[in-house]
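Each reported figure results from applying straightforward, stated rules to the coordinates on display, with no laboratory input. Predicted model, so just to flag it, every value in this text is computed and none were measured. Here the Cβ is made from the backbone with ideal geometry for all residues, glycine too, and neighbour counts use every protein chain on show.
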Amino acid sequence: MTINKRKMKKLLTIAFAAALTVGVAAAQENKEENAYPAAKQITENTVKRLTEMLTLTKAQQDSIGKYVLISTKQETDILEAQGVALKTKREQQEANLSARTAKIKSFLTKEQIEKWAAISKAKEEEEEN
């Protein structure tokens with residue numbers, strides 16, 4: 001009878017630890033999602049816009065979405081960092097944007113890259129006028 005009680009205690013302890021771990025992980029995930037609401041929105045808009053312009057596949061959407069979210073979170077952290085000179089922030093943002101653009105291109109086909117370049121060039125010309 002004592003052996004069964006020991007086994008039951010161990011089983012209950014393991015079950016409690018597992019439930020606690022799952023609860024903490026879920027809370028951490030929820031906290032992280034709420035920490036960057038703007039980054040999530042920017043990511044969704046970017047993927048949507050690129051999909052409309054370039055007819056991205058689902059795999060391309062997923063890959064670009066994951067990368068843009070990470071990049072945008074980093075950019076948000078840069079903007080929120082205190083004590084960093086404005087020039088340094090701007091340089092870091094430009095470097096981040098360049099890296100993001102290069103990474104997005106790595107997910108596209110040659111035709112999609114050419115189409116994106118043409119669209120970007122047209123937008124730049126439009127903004128200049």
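Summary table below
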read-out	value
Sites A81 and E114 - FRET efficiency at Förster radius 30 Å, r taken between beta-carbons, to 0.05	0.25
Residues K105 and E44, FRET efficiency given R0 of 30 Å [Cβ-Cβ distance, rounded to 0.05]	0.90
Long pairs among K66/K110; K89/K115; K73/K105; K103/K123; K58/K89; K48/K105, criterion Cα-Cα beyond 25 Å	K89/K115; K58/K89
Approximate spin-label separation A59-Q93, in nm, with each point projected 7 Å along Cα-to-Cβ	3.5 nm
